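Here the structure comes first, spelled out in structure tokens, and everything after it is commentary.
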Amino acid sequence: MRIAIIGGGIGGLTAALALRQFGFEPQVFEQAPELLEVGSAIIIWPNAMRVLHQLGLSEMVRHDGGVLEEARWVNQDGRLINHFALPKTDLPAIVLHRARLQEELLRALPRESIHLGHVFESFEQHSDVVVAKFTNGTSLEFDLLIGADGLHSHVRAQMLNDGPPDYRGYIAWRGVVDFTPKSLAPASAIEIYGKGKRFGIGPMGSDKVGWWVSVNKHSPDGEAHDATPREELLRLFDGWCEPVPELIRATPVSSLIRNPVFDRQPVKKWSEGSVTLMGDAIHPLTPNLGQGGCLAVEDAAILARCLNQYASEPTESASSIAVALRKFEMLRFARTATVARCSRMYGIVGQWENPWAVSLRRMALSIVPNVLSQRLMRWLIDYQAYGGSI
């Protein structure tokens with residue numbers, strides 16, 4: 001089967017590797033001239049770790065990342081609001097540099113299957129073939145086209161034509177530092193709360209720390225000011241407890257990453273004929289639960305399994321591919337829609353800035369029992385993409 005994957009991010013590369021395990025030989029088309037992942041951290045929760053284990057990458061993730069064993073909620077003045085141990089699972093939760101995961105995914109794929117500098121333009125569907133067109137004038141025929149081209153997906157725009165994603169009213173900044181502040185507890189994910197602002201911290205292994213912030217902004221567009229991004233962040237988080245100012249000061253300005261926070265309302269149509277969407281292209285998440293990349297990794301495994309069962313040689317046809325894609329979206333819709341909704345609601349509460357609402361949030365978080373936190377986490381991370389029948 002001739003398979004094209006549009007997008008060489010973590011989701012697209014994982015899909016390529018998962019498909020190859022079933023004997024397919026997908027081709028990945030990436031618009032960038034080089035695959036250079038942004039310099040930030042990603043949480044690989046156990047639900048995604050299980051997929052990476054199946055693909056032979058879990059040992060690398062363990063070796064190069066930092067293990068999470070507990071989560072802490074802290075007030076901006078440094079007072080502990082609550083904490084809970086993460087549930088014991090077959091595989092740990094790991095904080096890893098995105099570039100390392102992308103590097104290993106690329107290493108596991110044949111070099112000739114990755115095509116850089118290919119900006120996707122459009123597709124045409126015929127009775128037995130999909131034609132992918134690129135802005136460099138190339139047109140290629142495939143049996144299946146997978147849109148893994150992210151939040152602003154061009155494949156989605158042609159298929160669904162449903163407009164831009166929804167801005168959620170806040171901006172996220174991310175950074176990495178090459179040391180671990182002494183004030184940090186080991187193996188802990190920390191979220192520090194203020195009025196309309198949050199600061200998150202996670203250990204990345206090798207004495208590195210990844211951090212992120214979220215700040216309420218009415219518009220997603222950048223604002224003109226004389227201060228550098230670091231100076232602006234120091235102003236926004238002035239008076240916050242350590243290590244917040246320490247981490248901001250230690251992060252090179254050139255490596256600070258700013259992203260407006262978007263997602264979309266769930267839609268049930270993921271596919272059209274022999275074209276489908278996966279990852280952020282179909283179900284973008286706010287970053288509040290750290291599950292955006294993990295759900296894309298899950299998608300990759302489930303899509304590969306569906307294609308292996310319903311559309312494998314020697315009976316492959318446009319109709320059998322369509323059946324496989326319908327099964328894929330049916331298996332994935334409810335989970336991805338629920339996780340997206342929970343992530344959105346967590347972000348709404350986390351970004352409260354009214355003093356009464358902030359006090360209510362602090363009180364509510366302080367009384368959440370450890371057993372309830374673990375039960376909610378298990379619902380999120382116990383998912384088995386390679387478990388059961390398709």
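Data table
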quantity	calculated
Residue list for region 108-131, restricted to those being out of contact with any strand residue (DSSP E or B) (no Cβ under 6 Å at 6 or more places or on another chain) and in a strand (DSSP E or B)	Gln125
Only listed residue being among the hydroxyl-bearing types (Ser, Thr, Tyr), over 30 Å from Asp128 (Cα atoms) and buried (at least 24 other Cβ atoms within 10 Å of the Cβ), chosen from Thr286, Thr338, Thr251	Thr286
Residue list for region 110-152, filter: under 22 Å from Pro33 (Cβ atoms), touching a Pro at 6+ places or on another chain (Cβ under 9 Å) and in contact (Cβ under 8 Å) with a residue 24 or more places away in the chain	Ser113, Leu116, Gly117, Ile146, Gly150, Leu151
Counted residues, region 1-59 - those being basic (Lys, Arg) and within 17 Å of the chain's Cα centre (by Cα)	1
Contacts under 6 angstrom Cβ, first residue in region 338-350 being closer than 19 Å to Arg361 by Cβ, partner of a type in the set (A, V, I, L, M, F, W, C), 6 or more apart	Ser343/Leu285; Ser343/Leu289
Pairs, first over 15 Å from Ser206 (Cα atoms) in region 176-193, second among the aromatic types (Phe, Trp, Tyr) and part of a loop (DSSP other than H, G, I, E, B), C-beta under 8 Å, six or more apart	Ile192/Trp240
Matching residues in region 350-373 - criterion: being in a helix (DSSP H, G or I) and either among the small types (Gly, Ala, Ser) or surrounded by 15 or more Cβ atoms within 10 Å (Cβ to Cβ) (or both)	Gly350, Ala357, Val358, Ser359, Arg361, Arg362, Ala364, Leu365, Ser366, Ser373
The one condition in (1) within 14 Å of Gly205 (Cβ to Cβ); (2) surrounded by fewer than 17 Cβ atoms within 10 Å (Cβ to Cβ) that Ile44 fails to fulfil	(2)
Flag if Arg235 is out of contact with any helix residue (DSSP H, G or I) (no Cβ under 6 Å at 6 or more places or on another chain), surrounded by fewer than 24 Cβ atoms within 10 Å (Cβ to Cβ) and not assigned by TED's automatic domain parsing to the domain that holds Met60	yes
Positions within region 190-219 being more than 27 Å from Leu86 (Cα to Cα) and either touching a Lys or Arg at 6+ places or on another chain (Cβ under 9 Å) or not in a loop (DSSP other than H, G, I, E, B) (or both), in sequence order	Asn216
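For (1) touching a helix residue (DSSP H, G or I) at 6+ places or on another chain (Cβ under 9 Å); (2) over 13 Å from Trp73 (Cα atoms); (3) of a type in the set (D, E, K, R); (4) at pLDDT below 95, each residue gets a yes or a no:
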| residue | (1), (2), (3), (4) |
| --- | --- |
| Ser343 | yes, yes, no, no |
| Gly347 | yes, yes, no, no |
| Gly350 | yes, no, no, no |
| Glu353 | no, yes, yes, no |
| Ala357 | yes, yes, no, no |
| Arg361 | yes, no, yes, no |
| Val371 | no, yes, no, yes |
| Met377 | no, yes, no, no |
| Leu380 | yes, yes, no, no |
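Residue-by-condition table, conditions (1) part of a loop (DSSP other than H, G, I, E, B); (2) free of Cβ contacts under 8 Å to residues at least 60 places away in the same chain:
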residue	(1), (2)
Leu17	no, no
Ala32	yes, no
Ala48	no, no
His53	no, yes
Gly56	yes, yes
Asp77	yes, no
Asn82	no, no
Lys88	yes, yes
Ala99	no, no
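The values are calculated or read from the model by the stated rules, or taken from the named source; none is laboratory data. If you're wondering where the values come from, they're calculated on a predicted model, not measured in any experiment. Don't worry about glycine lacking a Cβ; one is built from the backbone with ideal geometry, like all the others, and counts go over all protein chains shown.
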